[in-house]
Amino acid sequence: MTNTPILILSGKGKTGRRVVEQLDARQLPVRLASRSSEQPFDWYDENTWSGTVAGIDTAYLAPPVGPTGLAQAGKFIKQAASEGLRRVVLLSGRGVGSPGREFAVYESGLELEHAVKDSGADWTIVRPAWFMQGFSEDFMLDYVQAGEIRLSAGDGAEAWIDTNDVGDVMAAALLDERHTGETYSLSGPRTLTMAEVAAELSTATGRPIASVDLVPEQHVAEMVEYGVLREDAESVRDLFAVIRNHRSEYVSDGVQQVLGRAPRDFADWARETAKTGVWSV
Ligand SMILES: NC(=O)c1ccc[n+]([C@@H]2O[C@H](COP(=O)([O-])OP(=O)(O)OC[C@H]3O[C@@H](n4cnc5c(N)ncnc54)[C@H](OP(=O)(O)O)[C@@H]3O)[C@@H](O)[C@H]2O)c1
């Protein structure tokens, strides 16, 4: 491991922030790249890409969510490897690569994984389940505060993972080259339906929180109204369709494999998160 900065693409996001914390704690230099970084970087504006990997060996890549953004990330990684990037740790998704995934977002995710593998750089691919922090740091936070979680997961269950566990795995992958060439699937220790998530959040907050099941198109409409790009909202709808179709009801042991410990449970995460006041109204 050289002492050149590690590039963190989307370094202010849910996972990037945690990776930066891990590297800061080890006093390792980092360079952030996103629209608000010192040198602005935009996935959708290739004019901002030049110089991003100058003096960089290793990068953490948290890509955008929709097919266009995923394709841009693939294009970027090819360019970056030709400019000297030697190693990349990619945040992918747990459903990517499973047979029978009919949705564009999975196909685009798989294409990005292939672009990373074909880039010539060494790689580690990490495929997590849905993040618990979606309810505390992202668009679902508003639902918790409003007491009504409005999604389209039906009565399907997901093995929600604590993003801190994802950050720990990413840091391990970045810092230890023995993870090169490995693909890890990560999840929390158990699956929960939306009704069970709502019950856990009610217990943690001490307030009634309901789960309202939307038909998928209503879910898209509400996300767009909230400000999400239509293409990204449609990708999220499709990711939820996989939960709705009961195809995410399994646990994955990547946290144990990489860190040698169990992942955190939803109830523990919710109890600790409630103490931060993020759900106070
Ligand atoms: N949420 C989940 O449950 C889940 C589960 C598995 C996989 N994933 C995958 O995780 C990825 C997202 O990672 P994350 O949750 O860590 O990120 P995130 O919290 O969504 O953060 C996105 C970050 O990206 C930057 N960003 C936004 N638009 C940008 C643009 N056009 N160009 C450059 N940077 C931009 C933002 O910083 P600036 O504002 O400074 O640009 C922001 O800090 C997606 O690919 C998603 O599919 C998510």
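Can you tell me which residue in region 201-250 is surrounded by the fewest Cβ atoms within 10 Å (Cβ to Cβ), limited to those that are among the aromatic types (F, W, Y) and closer than 28 Å to S280 by Cα? Filtering first and then ranking leaves Y226. Given the criteria part of a strand (DSSP E or B) and farther than 26 Å from V258 by Cβ, does R127 qualify? No. Where helices (runs of 4 or more DSSP H) sit wholly within region 130-216, none has at least 3 residues that are touching a His at 6+ places or on another chain (Cβ under 8 Å) and not aromatic (F, W, Y).
Only one entry in D155, D142, D165, D138 is of a type in the set (D, E) and buried (at least 24 other Cβ atoms within 10 Å of the Cβ), namely D165. Pairs meeting the criteria (first residue in region 105-132 and more than 17 Å from I161 (Cα to Cα), second residue surrounded by fewer than 23 Cβ atoms within 10 Å (Cβ to Cβ) and of a type in the set (K, R), beta carbons under 7 Å, at least 6 apart or on different chains) are A115/K78; S119/K78; A121/R86; A121/R87; D122/R86; D122/R87; W123/K117. Exactly one residue among S36, S10 is under 30 Å from W160 (Cβ atoms), touching a residue at least 12 places away in the same chain (Cβ under 8 Å), among the hydroxyl-bearing types (S, T, Y) and surrounded by fewer than 23 Cβ atoms within 10 Å (Cβ to Cβ), and that residue is S36. Considering the conditions (1) charged (D, E, K, R); (2) surrounded by 13 or more Cβ atoms within 10 Å (Cβ to Cβ); (3) more than 8 Å from the ligand (Cβ to nearest atom), E46 is excluded by exactly one of them, (2). A221 - would you say it is of a type in the set (G, A, S), assigned to a helix (DSSP H, G or I) and modelled with pLDDT of 95 or more? Yes; evaluated as a whole, the condition is true for this residue. Residues in region 266-274: is at least one among the aliphatic types (A, V, I, L, M) and touching a Pro at 6+ places or on another chain (Cβ under 9 Å)? No, the conditions are met nowhere in region 266-274. How about region 7-40: which of its residues are away from the ligand (no atom under 12 Å from the Cβ) and either of a type in the set (F, W, Y) or within 15 Å of V126 (Cβ to Cβ) (or both)? Q22 - this is the single residue of region 7-40 that is away from the ligand (no atom under 12 Å from the Cβ) and either of a type in the set (F, W, Y) or within 15 Å of V126 (Cβ to Cβ) (or both).
When the test is whether a residue is of a type in the set (K, R) and free of Cβ contacts under 8 Å to residues at least 24 places away in the same chain, R237 does not pass it.
The values are calculated or read from the model by the stated rules, or taken from the named source; none is laboratory data. Keep in mind that this is a model prediction, so the values were computed, not measured. Quick reminder, even Gly has a Cβ in these numbers, built from the backbone with ideal geometry, and neighbours come from all protein chains shown.
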